[in-house]
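As structure tokens, the structure follows; a few thoughts come after it.
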Amino acid sequence: MAGNHHWVDRVVETDVLVVGGGAAGTMAAVAAAQEGCRVAMVVKGSLGRSGNTIMAMATFRADGESAAECGEKKADPKYTKDVLFENIIKDGFYLSDQNLVRQYVADAGKRISQFLGWLRQKKQRVIFMPPGVWLTSGKAVGMACRYGVRQESNVDVHGDILIHELLEKDGRIVGALGVKIYTGELIAFKARSVVLSSGGFEPYSFKCSHSDMTGDGPAMAFRAGAELADMEFLLQMPGALLRPLVHRGSILPFVLNVGRLISPGIMNTAGEDIRKKIPPDLRDMAQGSEWMKLIYSYYWAMEISAGKATADHGLYFDFSASSRLRQSPGAIKAFILLKLLYRNRWQFQGKDIRDLFRTAKEGGRWEVGLSNQYAFGGIVVDNHMSSNLPGLYAAGEAASGVFGANRVASALTEAIVQGHRAGRSAAAYAAHSSDAQIDNNQLAAAAENILRFFRNTNGRSAAGVRSAMEKAADTGFGLIRDDSGLNLSLEKVISLRQMDLPEVSLRNQARAYNLEWFQALQTENLLTCVEIGMRSALLRKESRGFHVRTDFPRVDNENWAQRIYCRKQGGEITLSKHAPSTDHLAVPMDRWNDVMAYAAFRQKEMADRSKGKERP
Ligand SMILES: Cc1cc2nc3c(=O)[nH]c(=O)nc-3n(C[C@H](O)[C@H](O)[C@H](O)COP(=O)(O)OP(=O)(O)OC[C@H]3O[C@@H](n4cnc5c(N)ncnc54)[C@H](O)[C@@H]3O)c2cc1C
């Protein structure tokens, strides 16, 4: 027991607590340390070896002007900061917080430069592609994170600790309570300020993301009284491998397709090529651009709804018309890229991919599915990355607000820009605030909440609850939704949270390395995020970006150019509509027949701009 805090095994004191060891956490820890603070960085996995940062392809995107400032000779300065700013907002269906987008655009060059410096120190390969895209690998990004943090002697890294509850005193966040995974010890972190950079949430059964994505940060912030927003929007990636099982979740098909390195047929189970169902202007718009995710996912999900997908909701990348694949210019380019990034043309993200190319070369097919790559929703932050709770900051995928309802820019850039800002703001807050005091009653309640599963006997398994939740999300909370499907899934999720989760019991009573226990804690967080997401999706009676309602197909700016916020009041989830900050670009009060009609409108707008024919 630690001092007079009888409920915990250890108390660690620091100035700034950073939760998460991905790109956002790294930048936050480094920035706070450079402001002279002592920093404790706590990671569920280990620094630079956990979270979605290491799953990334990995592209950092900025505008050409910033890329030129970074010294890239091939940068296209005509793709200015203003153009990128406008694209993020308009392509995000006008739901972005425009001040956060301004920051993204203003800071991207400086932060990418800083990160590239670490990548180069670690001798990692980075390929620049005009107008303003840098490509490396997730593994390299992880190495750079470790390198960056190690340069700062003020940062203590605490790995293998799952933070589950924020600690609050007199309305201010003063630390957090977590569990050391290998020993089961309860460790309290007492801090003057806290940055949550713990990533997003991923609710479905088929995954291309890291298993860390259980929404811990947003869920614990919500329990502590923070506002969340945009939880109904989850970005889908069309083309992650379902089979062969050894490659399940690999995004290689999507990467090759979006990069125009392969061009397979995309066949449904009725033998139809879904590319032919996509209008040519949208097909052109999708090629080589981030719009591919929304456009292809939309038509893909329509096939699922029409019962023309495989049992796993998959389609086929079909190579029967491309038997000379191996010699094709695209495939050769792909091999060169793989060789540059992974030093082996048959490697992709640590896997040998020879069998996949063999199948393709023989004119076979890959079964591929939609999988969730990014959560738009998270903690509401202001320009300083501050939440509505004093002392609590958020950055990266744990936060919300930059990309609205559709992301065409880079989540990694978002993570490093926001991480840096959050670290600096948290340091400034720590410097001007009084010493943090922990409330013993609250600590006891937090400890009790974390340990409660040990008191149950003969209940359900946490894995069973999680898999039932994933099924509910698969069924009613996919890209295409409607009132009855959402209601059925929400009912199920509420019953899992209210009836099943409290009954979850652990077959093993040991606290050390009890994976069932951690599964239970993380399932609690996921259930919170998913329930809020479903409730928000039900409230939003229109379609927008990655939220497509068959019963309300129109994109309706007049009534719904609004973010849905959520907070806990009187123990209940309450939702409210908020106009996003629109200080720079006015929202047109228009309507479009559906999400693809808006995409076509954007396609035309961008085509006109590139022809120099600005719309009035
Ligand atoms: C397959 C895939 C490919 C992608 N490719 C790209 C790309 O090419 N370009 C791009 O811009 N974006 C890409 N993204 C998205 C991008 O990788 C993420 O949005 C970004 O890395 C998020 O960074 P982050 O630091 O906010 O969170 P993460 O990288 O997810 O890090 C979260 C950290 O928090 C820790 N953590 C979580 N919960 C807790 C807890 N309770 N206690 C303690 N620690 C905790 C985790 O262990 C981890 O260290 C991709 C995503 C996926 C899934």
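Regarding Phe348, is this residue assigned by TED's automatic domain parsing to the domain that holds Ile304, without any contact (Cβ under 8 Å) to a residue 60 or more places away in the chain and among the hydrophobic types (A, V, I, L, M, F, W, C)?
Values: assigned by TED's automatic domain parsing to the domain that holds Ile304: yes; without any contact (Cβ under 8 Å) to a residue 60 or more places away in the chain: no; among the hydrophobic types (A, V, I, L, M, F, W, C): yes.
So Phe348 does not fit the description; no.
Taken over the range 136-183, the criterion of being at positive phi and within 14 Å of the ligand (Cβ to nearest atom) is satisfied by Asp160, Gly175. With respect to the conditions (1) more than 9 Å from the ligand (Cβ to nearest atom); (2) at pLDDT 95 or above; (3) not aromatic (Phe, Trp, Tyr), Gly3 falls short on a single one, namely (2).
Could we say that Gly307 is within 15 Å of the ligand (Cβ to nearest atom), under 25 Å from Val595 (Cβ atoms) and surrounded by fewer than 17 Cβ atoms within 10 Å (Cβ to Cβ) here?
On the way: within 15 Å of the ligand (Cβ to nearest atom): no; under 25 Å from Val595 (Cβ atoms): yes; surrounded by fewer than 17 Cβ atoms within 10 Å (Cβ to Cβ): yes.
The answer is no for Gly307.
Which residue pairs have Cβ atoms under 9 Å apart, sit 6 or more places apart or on different chains, and have a first residue in the range 370-392 that is of a type in the set (Asp, Glu) and a second that is surrounded by fewer than 24 Cβ atoms within 10 Å (Cβ to Cβ) and modelled with pLDDT of 95 or more? These pairs meet every condition: Asp382/Asn99; Asp382/Asn388. When the range 219-235 is filtered for residues that are surrounded by fewer than 24 Cβ atoms within 10 Å (Cβ to Cβ) and either part of a strand (DSSP E or B) or free of Cβ contacts under 8 Å to residues at least 60 places away in the same chain (or both), only Leu235 remains.
Before we move on, is Ala240 modelled with pLDDT of 95 or more and away from the ligand (no atom under 16 Å from the Cβ)? Reasoning before the result, please.
Working: modelled with pLDDT of 95 or more: yes; away from the ligand (no atom under 16 Å from the Cβ): no.
Against the criterion (modelled with pLDDT of 95 or more and away from the ligand (no atom under 16 Å from the Cβ)), Ala240 does not qualify.
Mind counting the residues in the range 349-397 that are under 15 Å from Pro244 (Cα atoms) and of a type outside the set (Asp, Glu)?
Kept after step one, since they are under 15 Å from Pro244 (Cα atoms), are these residues of the range 349-397: 351-360, 364-369.
Pick out the ones that are also of a type outside the set (Asp, Glu) and you get 351, 353-354, 356-360, 364-366, 368-369.
The total comes to 13.
Hey, among the residues in the range 257-293 that are among the hydrophobic types (A, V, I, L, M, F, W, C) and out of contact with any helix residue (DSSP H, G or I) (no Cβ under 6 Å at 6 or more places or on another chain), which one's farthest from Ser211 (Cα to Cα)? Working first, answer last.
Within the range 257-293, the subset among the hydrophobic types (A, V, I, L, M, F, W, C) is 258, 261-262, 266-267, 270, 274, 278, 282, 285-286, 291-292.
Checking which are out of contact with any helix residue (DSSP H, G or I) (no Cβ under 6 Å at 6 or more places or on another chain) leaves us with 267, 270.
Values: Met267: 29, Ala270: 34 Å.
Restricting to residues being among the hydrophobic types (A, V, I, L, M, F, W, C) and out of contact with any helix residue (DSSP H, G or I) (no Cβ under 6 Å at 6 or more places or on another chain), the top hit is Ala270.
Does Asp156 qualify as being among the acidic types (Asp, Glu) and part of a strand (DSSP E or B)? Criteria met by Asp156. If the condition is being assigned to a strand (DSSP E or B) and charged (D, E, K, R), then the range 159-173 contributes Glu165, Glu168, Lys169, Arg172.
Return the residue satisfying two criteria in turn: it lies in the range 39-53 and is farther than 29 Å from Lys81 by Cβ and not in a loop (DSSP other than H, G, I, E, B), and of such residues it is nearest to the ligand (Cβ to nearest atom). The extreme case among them is Val42.
For Gln121, indicate whether it is more than 11 Å from the ligand (Cβ to nearest atom), surrounded by fewer than 19 Cβ atoms within 10 Å (Cβ to Cβ) and among the polar types (S, T, N, Q).
Yes, satisfied.
For the residues Ala188, Ala176, Ala140, the requirement of being outside any strand (DSSP E or B) and in contact (Cβ under 8 Å) with a residue 24 or more places away in the chain singles out Ala140.
Restricting attention to the range 358-385, and to residues there that are among the hydroxyl-bearing types (Ser, Thr, Tyr) and crowded, with 21+ Cβ neighbours inside 10 Å, which single residue is farthest from the ligand (Cβ to nearest atom)? Step through it out loud before you land on a result.
First, the residues of the range 358-385 that are among the hydroxyl-bearing types (Ser, Thr, Tyr): 359, 371, 374.
Subsequent filtering for residues that are crowded, with 21+ Cβ neighbours inside 10 Å retains 371, 374.
Values: Ser371: 8, Tyr374: 5 Å.
For the range 358-385, the residue satisfying everything is Ser371.
Would you confirm whether or not the range 193-203 contains a residue that is hydroxyl-bearing (Ser, Thr, Tyr), within 10 Å of the ligand (Cβ to nearest atom) and outside any strand (DSSP E or B)? Within the range 193-203, one or more residues are hydroxyl-bearing (Ser, Thr, Tyr), within 10 Å of the ligand (Cβ to nearest atom) and outside any strand (DSSP E or B). Filtered by the rule that a residue be away from the ligand (no atom under 11 Å from the Cβ), at pLDDT below 95 and assigned to a loop (DSSP other than H, G, I, E, B), the range 54-71 gives Cys70, Gly71.
Suppose the filter is more than 12 Å from the chain's Cα centre (by Cα), within 11 Å of the ligand (Cβ to nearest atom), crowded, with 23+ Cβ neighbours inside 10 Å and more than 27 Å from Ala561 (Cα to Cα); does Asp216 pass it? Yes.
Per the listing Lys190, Lys139, Lys180, Lys207, the residue uniquely in contact with a helix residue (DSSP H, G or I) (Cβ under 8 Å, 6 or more places away or on another chain), surrounded by fewer than 24 Cβ atoms within 10 Å (Cβ to Cβ) and of a type in the set (D, E, K, R) is Lys139.
May I ask you to list the residues in the range 250-299 that are part of a loop (DSSP other than H, G, I, E, B) and crowded, with 17+ Cβ neighbours inside 10 Å? Give the derivation first.
Of the range 250-299, the ones part of a loop (DSSP other than H, G, I, E, B) are 250-251, 259-264, 268-272, 278-279, 287-290.
If the condition is that a residue be part of a loop (DSSP other than H, G, I, E, B) and crowded, with 17+ Cβ neighbours inside 10 Å, then Ser250, Ile251, Gly259, Leu261, Ile262, Ser263, Pro264, Asn268, Ile278, Glu290 are the ones that fit.
Kindly indicate whether Ser536 is in contact with a helix residue (DSSP H, G or I) (Cβ under 8 Å, 6 or more places away or on another chain), more than 16 Å from the ligand (Cβ to nearest atom) and modelled with pLDDT of 95 or more. It is false that Ser536 is in contact with a helix residue (DSSP H, G or I) (Cβ under 8 Å, 6 or more places away or on another chain), more than 16 Å from the ligand (Cβ to nearest atom) and modelled with pLDDT of 95 or more. I'd like to know if the range 567-586 contains one or more residues that are among the charged types (D, E, K, R), in contact (Cβ under 8 Å) with a residue 24 or more places away in the chain and crowded, with 17+ Cβ neighbours inside 10 Å. Yes. Of all the criteria given as (1) within 30 Å of Gly307 (Cα to Cα); (2) part of a helix (DSSP H, G or I), the one not satisfied by Gly478 is (2).
The values are calculated or read from the model by the stated rules, or taken from the named source; none is laboratory data. Quick caveat: nothing in here was measured; it's all calculated off a predicted structure. Counting neighbours? That spans all protein chains shown, and the Cβs are built from the backbone with ideal geometry, glycine included.
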